[in-house]
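Let me begin by handing over the structure; questions about it come next.
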Amino acid sequence: MKLEDIDKTRVPQHVAIIMDGNGRWAQRQSHKRLFGHQNAMTAVRSAVEAAVASGVRYLTLYTFSTENWNRPQEEIDGLMELLIQAVRDETKTLMDNNVRLQTIGDTSRVPERSRVKLLECIRETSANTAMTLILALSYSARWETAEALRSLCADAAAGRITPSDITEETLRDYLATKDYPDPDLLIRTGGELRISNFLLWQMAYTEFFFSDQLWPDFRHEDFYDAVADYQNRQRRFGKTGEQVG
């Protein structure tokens, strides 16, 4: 699929991606898993450029889950060093494409060197307006839900809110994603058919696109394939086809 095949009037506003398959990609080439992560940045760059070219306003990448802290320490250390390198190398790409960087997740667990570089890039790109790139870093949906409920209960205990005041919108205001619209489209690479504790509240009505492509091989055309597939679907949000049609 090519960019010119995309209907620019029906592009998803927010695309989320589970970037899966780095380890298997490396193992198929007789390398350690970290080699796959090292080669994943080309795919990230392709996804960002394709999203901007398509007119997507928000792109969320599942970068590192809270469960990933349980991986071997050698792999975690390598991933954190790669984060520094990626932020340093890709800031120019973000600036050239007018992309603002943001994060969601418990970044207090991220090593200070990585966190400092990340904050520098967030500040440098803060005025960009074409698209917002959101890194879900040290994030999981269950962590987010627990944090939201903790804050909500604290406000209730302090008398700032009463149980009768709580609605779906109230809870949404306590989520890490409160400043962003819910994803219209989720892309998962690597052939797995699950959402792995990612944006569970937000994806109540998200369209899913599963690809067998391993993440390091993901390119612009793969992104356009997912968007084109999304455009062939009818989003009903509980209504009948006739109502939306």
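Within straight cross-link reach of Lys32, meaning Cα distance under 12 Å, which aspartates and glutamates are found once same-chain residues fewer than 8 apart are removed?
The reachable aspartates and glutamates, counting only those whose Cα sits under 12 Å from Lys32, are Glu74, Glu75.
Okay, moving on. Please build a GNM for the chain, connecting alpha carbons under 10 Å apart, and tell me which residue among Asp222, Asp155, Asp89 fluctuates the most.
Asp155
Under a GNM of the chain (C-alpha, springs under 10 Å), which listed residue has the highest mean-square fluctuation: Phe218, Phe198, Phe35?
Fluctuation is largest for Phe35.
Percent of Cα-Cα pairs more than 15 Å apart in the stretch 24-113, please. Working shown, then result.
Working: 2641 of 4005 pairs.
Roughly 66 percent, rounded to a whole number.
Using a Gaussian network model of the chain whose springs link C-alpha atoms within less than 10 Å, name the residue from Asp165, Asp96, Asp77 with the highest mean-square fluctuation.
The residue that fluctuates most here is Asp165.
Could you name the aspartates and glutamates in cross-link range of Lys2, using Cα to Cα under 14 Å and dropping any fewer than eight places away on the same chain?
Result set, ordered by chain and number: Glu49, Glu221, Asp222, Asp225, Asp229.
Given axes a ≥ b ≥ c from the Cα gyration tensor, I'd like to know whether the stretch 7-72 is rounded (a/c under 1.5), prolate (a/b larger than b/c) or oblate.
On the way: a/c = 3.51, a/b = 1.94, b/c = 1.81.
Here the stretch 7-72 falls in the prolate category.
For Cα pairs less than 8 Å apart in space and 6+ apart in sequence, what is the mean separation divided by the residue count of the chain, i.e. the relative contact order in percent? Don't skip to the answer; put the middle values down first.
Numbers: 387 pairs, mean separation 74.1, N = 245.
The value is 30 percent.
Now a separate question. Let me know the whole percent of all Cα-Cα pairs from the chain that are separated by more than 22 Å. Show your work: numbers first, answer last.
Values: 16942 of 29890 pairs.
Cα-Cα pairs of the chain separated by over 22 Å account for 57 percent.
Going by the alpha-carbon gyration tensor, a ≥ b ≥ c the square roots of its eigenvalues, is the stretch 132-245 rounded (a/c under 1.5) or, if a/c is not under 1.5, prolate (a/b greater than b/c) versus oblate?
Numbers: a/c = 3.01, a/b = 1.60, b/c = 1.88.
Judged from the Cα gyration tensor, the stretch 132-245 comes out oblate (a/c at least 1.5, b/c at or above a/b).
Something else now. So which DSSP H runs in the chain come out at 15 Å plus along the axis (Cα) with average Kyte-Doolittle of at least 0.0? Working shown, then result.
Working: long enough: 41-54 (19 Å, 0.94); 73-96 (35 Å, -0.32); 112-124 (18 Å, -0.76); 141-157 (24 Å, -0.06); 220-231 (17 Å, -1.06).
Qualifying helices: 41-54.
Values quoted throughout were computed directly from the atomic coordinates according to the rules given, and no laboratory measurement underlies them. Computed from a predicted model, the values in this text were never measured in an experiment.
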